[in-house]
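Visitor: Structure below; questions to follow.
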Amino acid sequence: MILVRPASRGDIAAVSALLARTWHDTYDAILGADSVAAITREWHAPDRLADEIGRPGHAFFVAETAGALAGTASVTDRGDGIVSIDRLYVAPEAQGQGIGRALFSAAVRAFPKASVIRLEVEENNARACRFYEKRGLSAIGHRADCGGCGNAIVYEGRGVAALRGGLVLRPVRDGDAQDLFGLLSLCFAEYPGCFVDPHGDLPDLVHPARSFADKGGAYWVVEDPAGRVGACVGVDFPAAGTAELHRLYVRPDLRGSGLGRRLVDHVEAHAAALGAQRMMLWSDTRFTTAHRLYERLGYRRVGEIRALGDISNSSEFFFEKPLV
């Protein structure tokens, strides 16, 4: 399974190393090893890459497969409906597995209102030229000096926002509410007596982006190749040094590939980066499969059971895990 997700500061060293290896593999025969080394030291230095994290109008992705980082992409909103792919590379040993397609799809989908996507490719990088042409982009001109790389072909694609592929982890949007309720309905249907009540029990999912932002939290969804929400997870911070995991759900057809574990890992990394020293969560007593996942990931069930008094007559177990 290929999962494309936003890069974190904890990924920077691995991304820098991946880019150096990939550039040498791609460009040594074109530009010379010394020139490639100089360019990668400047362009792919860890501090320069770290500056991209959280930059307005910019998206910085990494791709994982089999739990390992295998590729990266960078895309920028240039305004007037135009976005540019600034960087898209897949580790040499991971090429030919669909990772490039998944990264390209994530880049296109990062700014859904854009109608034009542009990028530059060193003219002797024939493999990259074929890749983008297969994605529907066309050469529209040349650039004489591509940042020290020589001549570049400028590619452009229009109407590419519908292109999809791979699983993409992205921040939730309020417009995802219907998909989220559909996802929870599928998951709840596996447990007798569990019902979805949008207004009584799940008001935070009516406007999910706004709800989690208002309480200083974050919420992510996994978008499948058809553009549907296939999984979700959230986090907020109920007390100093404590993060609480919320609403981890994975659609049945996406289970068994480690996606749930990756989502928990993502939340833990996000929480730790913001200073949390402890994770906690509540889980319905009927969700035994989820309990096994949490326990495998180091969570311990403690304390009493709490009753919610909701439409599903739910009771929940409490789990916690130190992050340090």
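Visitor: Are any residues in segment 282-299 part of a strand (DSSP E or B) and at pLDDT below 95, and if so, which ones?
Guide: Of everything in segment 282-299, nothing turns out to be part of a strand (DSSP E or B) and at pLDDT below 95.
Visitor: Mind listing whichever residues of segment 63-88 are in contact with an Asp or Glu (Cβ under 8 Å, 6 or more places away or on another chain) and either surrounded by fewer than 17 Cβ atoms within 10 Å (Cβ to Cβ) or at pLDDT below 90 (or both)?
Guide: none
Visitor: Being outside any strand (DSSP E or B) and within 26 Å of Leu274 (Cα to Cα) is the filter; apply it to segment 313-324 and report the residue that is modelled with the lowest pLDDT.
Guide: Here the residue is Val324.
Visitor: Among the residues in segment 220-228, are any assigned to a helix (DSSP H, G or I) and under 19 Å from Asp176 (Cα atoms)?
Guide: Within segment 220-228 (the criterion being assigned to a helix (DSSP H, G or I) and under 19 Å from Asp176 (Cα atoms)), the answer is no, since none of the residues qualifies.
Visitor: Within segment 196-207, take every residue that is out of contact with any Asp or Glu (no Cβ under 6 Å at 6 or more places or on another chain) and crowded, with 16+ Cβ neighbours inside 10 Å and give me the one that is modelled with the lowest pLDDT.
Guide: Leu202
Visitor: Moving on. Cβ-Cβ distance below 9 Å, separation of 6 or more or different chains: which pairs start in segment 226-253 with a residue that is touching a residue at least 60 places away in the same chain (Cβ under 8 Å) and among the hydroxyl-bearing types (Ser, Thr, Tyr) and end on one that is crowded, with 18+ Cβ neighbours inside 10 Å and assigned to a strand (DSSP E or B)?
Guide: Tyr249/Ala231; Tyr249/Cys232; Tyr249/Val233
Visitor: Which residue out of Val172, Val222 is in contact with a helix residue (DSSP H, G or I) (Cβ under 6 Å, 6 or more places away or on another chain), at pLDDT 90 or above, surrounded by 12 or more Cβ atoms within 10 Å (Cβ to Cβ) and of a type in the set (A, V, I, L, M, F, W, C)?
Guide: Criteria check complete, one pass: Val172.
Visitor: Please count how many residues of segment 283-321 are open to solvent by less than 40 Å² (accessible area, probe 1.4 Å) and more than 21 Å from Val235 (Cα to Cα).
Guide: 2
Visitor: Output the residues belonging to segment 250-272 that are farther than 12 Å from Leu169 by Cβ, of a type outside the set (Gly, Ala, Ser) and open to solvent by 30 Å² or more (accessible area, probe 1.4 Å).
Guide: Within segment 250-272, Pro252, Asp253, Arg255, Arg261 meet the criteria.
Visitor: Restricting the first residue to segment 300-312 and requiring it to be farther than 17 Å from Pro192 by Cβ and part of a strand (DSSP E or B), which pairs with a second residue that is modelled with pLDDT of 95 or more and polar (S, T, N, Q) meet a Cβ separation below 9 Å and a spacing of at least six or different chains?
Guide: Listed pairs, sorted by first residue: Arg301/Ser283; Ile305/Thr285; Ile305/Ser315; Arg306/Ser315; Ala307/Ser315.
Visitor: OK, next. List every residue pair whose Cβ atoms lie under 7 Å apart, where the two residues are 6 or more positions apart in sequence or sit on different chains, the first residue falls within segment 33-51 and is within 18 Å of Ser8 (Cβ to Cβ), and the second residue, located anywhere, is part of a helix (DSSP H, G or I) and of a type in the set (Val, Ile, Thr).
Guide: If the second residue must be part of a helix (DSSP H, G or I) and of a type in the set (Val, Ile, Thr), the pairs left are Pro46/Ile12; Leu49/Ile12; Leu49/Val15; Ala50/Ile12.
Visitor: Limited to segment 225-249, what total is found for residues that are hydroxyl-bearing (Ser, Thr, Tyr) and surrounded by fewer than 18 Cβ atoms within 10 Å (Cβ to Cβ)?
Guide: Of the residues in segment 225-249, 1 are hydroxyl-bearing (Ser, Thr, Tyr) and surrounded by fewer than 18 Cβ atoms within 10 Å (Cβ to Cβ).
The values are calculated or read from the model by the stated rules, or taken from the named source; none is laboratory data. Given the structure is predicted, the values throughout are model-derived calculations rather than measurements. Ideal geometry is used to build each Cβ from the backbone, glycine not excepted, and the neighbour counts take in all protein chains shown. Surface accessibility is based on the protein's heavy atoms, side chains included, excluding ligands, DNA and RNA. Shrake-Rupley method; radii C 1.70, N 1.55, O 1.52, S 1.80 Å.
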